[in-house]
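Here's the structure we're looking at; comments come further down.
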Amino acid sequence: MLTTSKEPMEPSFSLAERLAGLTSVSACYQCKKCSSGCPLTFAMDFYPDQVIRLALLGQEAQVLGCRTIWVCSSCETCTTRCPNNIDIAGVMDWLKEEAILSGQASPQPEVTRFHQTFLDTVRLAGGRLSEPLLLGLYEWRRGGTLRKLKSGALVADLRMAWELARRRRLVPRLPHRLKGVKEIKDIFKKSHLPAKQEKP
Amino acid sequence: MNVSYYPGCSLEGTAIDYAASIGGVASLLDLTLTELDDWNCCGATAAHSTNHHLALALPARNLALAEAAGRDVVVPCALCFNRLKVAEKALKGPEGANLGIPYQGGIKIWDLLDYLTQDAYLKELAAKVVRPLTGLKAVGYYGCMVARPPAVTDKKDAENPQNLERLLQVLGAEPLDWSFKTDCCGAGLAVARPDIIDTLVQRLYERALRTGADCFVVSCQMCQANVDMPQKRIGKQFGKDYYLPVFYFTELIGLALGHPDVKKWLAGHLVDPLPLLEKIGVRFQVPGVRF
């Protein structure tokens with residue numbers, strides 16, 4: 001939630017200008033329809049309408065560092081309902097990408113890590129996702145196996161994995177590499193161009 | 001009828017049971033689903049959450065493949081459908097030039113539910129029902145991605161879709177209308193934040209029960225996983241004993257039309273639907289996989 005700080009806020013329009021290529025946050029008139037329909041508000045620090053407001057006021061540190069953007073499930077309810085056609089879900093995505101590019105530490109590192117591991121897995125497997133590889137890589141990168149073992153969480157995870165495995169829904173094999181694996185490699189190579197390059 | 005088919009990665013993995021029922025239904029309807037040759041991962045949530053280039057380039061490659069194949073493309077995974085539609089809009093717009101993929105857009109992208117609930121198919125299904133699902137009180141759970149946002153999905157009824165209900169009526173079941181039919185299950189947060197799924201899905205269970213439903217019917221395999229897999233865990237957490245099987249709509253089509261493999265498909269679920277089906281008088285002749 002917003003708290004009053006001792007410092008007067010320094011508004012700046014630069015963030016809204018950078019977002020303008022995606023959507024017009026300045027069109028927001030604070031009707032709060034987005035926050036009212038958002039199913040994830042219970043897990044957020046700022047409500048969606050507050051993120052838009054803070055973005056419009058140029059409060060970059062707050063919006064790039066908030067939990068909200070990472071627990072947003074991209075259900076697109078906000079974007080669908082906004083009377084001024086603001087792509088709020090799109091703003092959440094833009095802020096996530098910008099947070100990573102600017103080296104911001106994620107307040108939800110497990111979520112960030114999951115997305116990055118997903119894409120690494122697709123690249124490693126040659127163009128398709130291997131779910132067992134994703135889960136294995138995610139767990140391995142996450143660490144804390146001993147803590148999970150003690151809390152019983154590891155046993156619960158393994159039991160779930162077994163339930164899926166015995167139904168042949170989780171088979172430890174890689175998907176076949178695509179004929180177009182070079183195209184996929186090229187797509188990934190191009191994607192590392194920083195978005196900042198497009199700014200004037 | 002011959003269409004292109006883009007299964008998406010999970011239909012080869014954790015949703016392999018969905019894939020089986022889709023194949024079964026296709027054979028019942030004389031529908032040939034030709035898998036797109038050399039399709040790649042659409043990028044899912046991970047790409048659009050972290051990298052706008054990947055988010056468009058990955059699904060765009062599939063659209064180029066689909067266009068080359070020259071047929072409409074049917075997509076069972078709701079998120080893949082959404083990503084392909086996003087790429088379609090981008091390729092047809094000013095961003096198309098940046099992606100460097102020539103795309104005329106002459107083919108239509110369908111989500112599987114929408115495709116199989118066209119009037120012609122509903123008529124065909126009605127004529128082929130051999131075992132009406134009488135007494136099956138179900139809520140249709142659509143999830144988010146097949147309809148939102150309408151500017152991307154081109155759906156007219158994002159807030160209150162009705163095609164699952166229409167299908168269930170044709171199959172002889174009793175669809176119950178409810179207000180949470182497009183509420184989010186938590187989707188891709190399931191691995192990193194399972195606690196969020198627990199909160200969201202428990203709301204769905206409670207609402208479904210309040211409506212008088214005995215089960216969910218879905219078309220999205222992410223929704224199926226999030227509503228089916230944690231049911232015991234959520235029950236323990238909230239001190240309740242939930243029993244709400246989560247059917248794929250294709251499984252119910254197979255059941256009503258008498259496909260011999262239905263019991264095998266249902267064995268993929270974690271919440272065993274058999275007790276519910278026995279309650280409404282469904283008997284499986286062939287002894288099959290036990291849970």
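Scattering from the stretch B:7-63 was approximated by placing one identical point on each alpha carbon and applying the Debye formula without solvent; log10 I(q)/I(0) at 0.12, 0.16, 0.21, 0.24 1/Å stands at -0.37, -0.61, -0.86, -0.96.
Average accessible surface for chain A: 54 Å² per residue, computed with a 1.4 Å probe over protein heavy atoms with every protein chain in place. When the accessible areas of A alone and B alone are added and the area of the pair subtracted, with a 1.4 Å probe, the result is around 4600 Å², both sides summed.
Its residue count N sets the reference 2.2 N^0.38 Å, and the alpha-carbon radius of gyration of the stretch B:157-291 equals 1.05 times that reference. With N counted as the residues of the stretch B:133-213, its alpha-carbon radius of gyration over 2.2 N^0.38 Å works out to 1.19. For a straight C-alpha distance cut-off of 29 angstrom, the lysines reachable from A:LYS190 (same-chain residues fewer than eight places away being disregarded) are A:LYS96, A:LYS179, A:LYS182, A:LYS199, B:LYS85, B:LYS89, B:LYS92, B:LYS108.
Projection of the Cα convex hull of the stretch A:1-51, averaged over all directions and equal to a quarter of that hull's surface, yields 4.6 nm². Shown for the stretch A:95-132: residues covered by the partner protein chains by 40 Å² or more of accessible area relative to the chain by itself (probe radius 1.4 Å), namely A:GLU97, A:PHE114, A:HIS115, A:PHE118, A:LEU119, A:ARG128, A:GLU131.
Ligands, DNA and RNA left out, the 1.4 Å accessible surface of the stretch A:1-109 is 51% carbon and sulfur atoms.
Taken per residue, the accessible surface of the stretch B:198-291 reaches 41 Å², heavy atoms only and a 1.4 Å probe. Here's the list of aspartates and glutamates a cross-link from A:LYS32 could span, going by alpha-carbon distance under 19 Å and ignoring same-chain residues fewer than 8 apart: A:ASP45, A:ASP49, A:GLU76, A:ASP87, B:GLU159, B:ASP183. For the stretch B:190-208, the residues whose backbone nitrogen is under 18 Å from a point 7 Å from the Cα of B:LYS240, taken along Cα to Cβ, are B:195-208.
For the protein assembly as shown, the Cβ-based charge dipole about the Cα centre amounts to some 1100 debye (Lys, Arg positive; Asp, Glu negative; other atoms uncharged). When only the Cβ of Lys, Arg, Asp and Glu is charged (+1, +1, -1, -1), the dipole of chain B relative to its Cα centre reaches about 520 debye. Each Lys and Arg Cβ is given +1 and each Asp and Glu Cβ -1; about its Cα centre, the stretch B:141-291 then shows a dipole of about 260 debye. Measuring between their Cα centroids, the stretch A:90-140 and the stretch B:44-103 lie 19 Å from each other.
Between A:THR145, A:TRP70, B:LEU58, the Cα set farthest toward the positive side of the dipole of the protein assembly as shown (charges on each charged residue's Cβ, about the Cα centre) is that of A:THR145. For the stretch B:242-283, the orientation-averaged shadow of the C-alpha convex hull comes to 2.9 nm² (one quarter of the hull surface). Binning the C-alpha pair distances of chain A at 5 Å intervals from 0 yields a P(r) profile of 1, 6, 12, 14, 16, 14, 13, 11, 8, 4, 1, 0 %, listed from the shortest bin outward. Calculated FRET efficiency, A:ARG67 to A:GLU17, Cβ-Cβ distance, R0 = 30 Å: about 0.75 to the nearest 0.05.
Mind checking the full-extension length gain between A:LEU101 and A:GLU163? Use 0.36 nm per residue of separation minus the Cα-Cα distance, one decimal, nm.
Details: separation 62, 0.36 × 62 = 22.32 nm, distance 3.84 nm.
Fully extending the segment from A:LEU101 to A:GLU163 adds 18.5 nm.
Couplings for the stretch A:90-98, taken from phi via the Karplus curve 6.51 cos²θ - 1.76 cosθ + 1.60 with θ = phi - 60°, read x, 5, 4, 5, 4, 5, 5, 5, 5 Hz in order; Gly and Pro are left as x.
Take B:187-198, A:36-47 and order them by the average number of nearby Cβ atoms within 10 Å per residue, most first; the result is B:187-198, A:36-47. Leaving ligands, DNA and RNA out of it, report the carbon-plus-sulfur percent of the accessible area of chain B at a 1.4 Å probe. On chain B, the fraction of accessible area on carbon and sulfur atoms equals 54 percent. Per residue, the accessible area of the stretch B:1-153 comes to 33 Å² when a 1.4 Å probe rolls over the protein heavy atoms. Contact-buried residues of the stretch B:17-43, at a threshold of 50 Å² lost accessible area versus the chain by itself: B:ASP38, B:CYS41 (1.4 Å probe; DNA, RNA and ligands ignored).
Shown here for the stretch B:112-161: trypsin sites (Lys or Arg not before Pro) in loop regions (DSSP other than H, G, I, E, B) with at most 10 other Cβ atoms within 10 Å, namely B:LYS156. Remark: C-alpha extents of the stretch B:1-110 on the principal axes read 42, 29, 19 Å, sorted largest to smallest.
Here the stretch B:107-175 is treated as an ellipsoid with the same Cα gyration tensor; its semi-axes, largest first and in whole Å, are 24, 15, 7.
Beyond 41 Å, the tail of the calculated P(r) for the protein assembly as shown holds 17 percent of the Cα pairs. Please report, to two decimal places, log10 I(q)/I(0) for the stretch A:13-106 at q = 0.13, 0.18 Å⁻¹ as given by the Debye formula with identical point scatterers on the Cα atoms and no solvent. At q = 0.13, 0.18 Å⁻¹ the computed log10 ratios are -0.36, -0.71.
Ordering B:PRO175, B:PHE216, B:GLY186 by the projection of their Cα atoms onto the charge dipole of the stretch B:161-221, which places +1 on the Cβ of Lys and Arg and -1 on the Cβ of Asp and Glu, puts B:GLY186 at the extreme positive end. In straight-distance terms, cross-link reach from B:LYS240 covers every one of the lysines whose alpha-carbon lies under 27 Å from its own, apart from those fewer than eight places away in the same chain; here that gives A:LYS148, A:LYS150, B:LYS137, B:LYS181, B:LYS232, B:LYS279. Cysteines in chain A lacking any other cysteine Cβ under 4.7 Å from their own Cβ: A:CYS28, A:CYS31, A:CYS38, A:CYS66, A:CYS72, A:CYS82. Once divided by 2.2 N^0.38 Å, the Cα radius of gyration of chain B becomes 0.99.
Each of B:CYS42, B:GLY96, B:ALA26 was scored by the projection of its Cα onto the charge dipole of the stretch B:22-104, and the greatest displacement toward the positive side belongs to B:GLY96; charges sit on the C-beta of Lys, Arg, Asp and Glu.
The values are calculated or read from the model by the stated rules, or taken from the named source; none is laboratory data. What you see is a predicted model, and the numbers here were worked out from it, not measured in a lab. FYI the Cβ positions are ideal-geometry reconstructions off the backbone, even for glycines, and counts take in every protein chain you see. Protein only, heavy atoms only, side chains kept; ligands, DNA and RNA dropped before computing areas. Shrake-Rupley method; radii C 1.70, N 1.55, O 1.52, S 1.80 Å.
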